[in-house]
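Undergrad: Below you will find the structure I want to go over with you.
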Amino acid sequence: METELEIERLPVDLLAHIFSFILSFKDLAQASRVCWKWRRGVKESLSRKERLSFAGWKVDDESAARVVRAAYNIKELDISRSCWGCQITDEGLYKISLTKCVGNLLSISMWGMAGITDRGVIQLVTQANSLQHLNIGGTFITDESLYAIANNCPQIKTIILWSCRHVTENGLKKLVDKCCKLKSINVWDMKVPVDCFLRLLAINPTLELKPLTQHLGVGRIWPAS
Amino acid sequence: MGKTIKLISGDGEMFEVEEAVAFQSNIIKSLADEDNADDCIPLPRVDSQILSKVLEFCRKHANSPSVHTKFAAIPSELCPKHDGSAAGASSSESSSAHSETCRACYDAVMKLVQWDLEFVKVDLDLIHHLLKAANYLDIEDLMFMAVEGAANAIRGNNPEEIRKLFDLENDFTPEEEKEILKEYSWLDDPFEP
């Protein structure tokens with residue numbers, strides 16, 4: 001009778017399918033605590049995910065890296081600012097840079113992450129060679145990060161740099177020079193002179209600088225430093 | 001009654017159903033396609049109680065669009081309002097365009113979805129069996145709803161509650177359990193979405 005019940009249990013594959021319907025991390029976590037088979041099911045389910053987002057969760061470096069390790073097929077990663085304030089540091093970015101999925105990531109969002117610097121960002125983007133979309137707005141990165149992106153992310157199409165006040169024209173120029181697939185940059189609230197944008201457009205006339213109107217004399221203009 | 005198919009459940013009961021009903025199952029469809037002199041299809045892994053529930057679902061879905069897996073792409077031939085009078089093109093593009101603009105189709109789809117949701121509001125034991133049957137018989141829509149039913153039973157519950165609902169044993173040792181609880185401890189903090 002016991003063996004009959006065993007055979008009747010849902011196979012791991014089917015469990016993973018059910019878990020992929022469960023959208024919240026919390027529910028997945030609870031499911032992984034039920035028994036060994038369900039734990040395997042959750043692991044399998046994570047490996048099938050295409051997108052991972054920690055937005056809104058108070059997650060530390062090691063926990064984030066652990067989940068990214070399990071979700072080795074993801075193409076999109078969102079580790080942006082949580083309502084608790086940034087919990088992930090350069091150490092977390094470094095650990096994530098070592099995972100299987102990094103080379104295949106098409107999109108990364110790190111906006112508002114006050115705890116990261118060039119050090120972590122450079123380590124991450126150096127491995128993210130397929131990257132097409134990057135949101136690194138509201139961080140303290142400098143031109144150094146942009147150089148790393150220019151050198152390692154040839155596929156980059158869009159980049160959001162709003163409020164990256166430590167980035168100068170040098171970083172932007174290197175990026176636009178080297179990344180021929182670059183289509184748009186969000187430059188809102190950046191501390192670069194308006195004519196810098198004109199020089200960028202001279203390099204790549206099809207480049208979209210968002211939000212355009214603000215930088216053509218309408219709205220806020222930052223004085224040249 | 002159109003052409004019928006005879007199905008034999010695991011416990012020997014015979015069900016005779018219309019092809020359109022039985023062919024919701026891709027497995028039954030392919031078995032029937034084979035040159036079968038007997039025209040009686042045995043389904044040893046499904047007992048009569050479950051098979052009858054499965055057929056109830058299939059009967060409801062037989063002449064309806066696949067609402068869950070194809071996102072209500074309704075071929076205009078099935079539209080209750082237009083009665084097949086719309087151009088017979090059954091390409092998926094014209095289908096989804098049709099259902100987007102046709103109120104009658106939209107309403108029909110919604111009604112079916114409601115019926116499905118009620119259908120899976122059953123005890124977990126039955127969902128368990130439906131899941132296995134849908135998996136074994138390869139019935140897309142039933143699979144979708146049974147999975148949704150199972151997922152619903154998991155959402156918002158803690159491990160002990162889940163174990164009770166699914167009749168599962170905690171096979172972790174106390175040491176293992178301690179480690180496992182740590183793994184997602186960052187999710188145990190309350191937060192505001």
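Undergrad: Can you find a residue that is facing another protein chain (nearest Cβ under 7 Å) and open to solvent by less than 40 Å² (accessible area, probe 1.4 Å) anywhere in region B:111-126?
TA: Within region B:111-126, none of the residues are facing another protein chain (nearest Cβ under 7 Å) and open to solvent by less than 40 Å² (accessible area, probe 1.4 Å).
Residues checked against (1) more than 9 Å from every other protein chain (Cβ to nearest Cβ); (2) surrounded by 22 or more Cβ atoms within 10 Å (Cβ to Cβ):
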position: A:TRP38; (1), (2): no, yes
position: A:GLU50; (1), (2): yes, no
position: A:VAL59; (1), (2): no, yes
position: A:GLU76; (1), (2): yes, no
position: A:ILE79; (1), (2): yes, yes
position: A:ILE96; (1), (2): yes, yes
position: A:LEU106; (1), (2): yes, no
position: A:MET110; (1), (2): yes, yes
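Undergrad: Now for a different question. Can you list the helices (runs of 4 or more DSSP H) lying wholly within region B:1-62 that have 2 or more residues being among the basic types (Lys, Arg)?
TA: Counting at least 2 such residues, we get B:48-61.
Undergrad: Follow-up question, since we're still on this one. Among the helices (runs of 4 or more DSSP H) lying completely within region B:63-146, list those that include at least 1 residues that are at pLDDT 75 or above and over 30 Å from B:PRO44 (Cβ atoms).
TA: B:103-119
Undergrad: Quickly run through region A:20-68 and pick out the residues that are under 22 Å from the mean Cα position of the chain (by Cα), farther than 18 Å from A:GLU91 by Cα and among the basic types (Lys, Arg).
TA: A:LYS26, A:LYS43, A:ARG48, A:LYS49, A:ARG51
Undergrad: Given the structure, is B:LEU181 buried (at least 18 other Cβ atoms within 10 Å of the Cβ), free of Cβ contacts under 8 Å to residues at least 40 places away in the same chain, of a type outside the set (Lys, Arg) and over 27 Å from B:HIS61 (Cα atoms)?
TA: Criteria not met by B:LEU181.
Undergrad: At least 1 residues that are among the hydroxyl-bearing types (Ser, Thr, Tyr) in each: list the strands (runs of 3 or more DSSP E) lying fully within region A:93-204 that qualify.
TA: A:107-109, A:158-160, A:184-186
Undergrad: Can you report the number of residues in region B:136-164 which are open to solvent by 70 Å² or more (accessible area, probe 1.4 Å) and either more than 10 Å from chain A (Cβ to nearest Cβ) or of a type in the set (Val, Ile, Thr) (or both)?
TA: Result for region B:136-164: 2.
Undergrad: Identify the single condition in (1) surrounded by 20 or more Cβ atoms within 10 Å (Cβ to Cβ); (2) not in a loop (DSSP other than H, G, I, E, B) that A:ILE88 does not satisfy, given that it satisfies every other one.
TA: It is condition (2) that A:ILE88 fails.
The values are calculated or read from the model by the stated rules, or taken from the named source; none is laboratory data. A quick note: this is a predicted structure, and the numbers were derived from the prediction, not measured. A quick note on method: Cβ atoms are made from the backbone with ideal geometry, for glycine too, and the neighbour counts reach across all protein chains shown. Note: accessible area is taken over every heavy atom of the protein model, side chains too, but ligands, DNA and RNA are not part of it. Shrake-Rupley method; radii C 1.70, N 1.55, O 1.52, S 1.80 Å.
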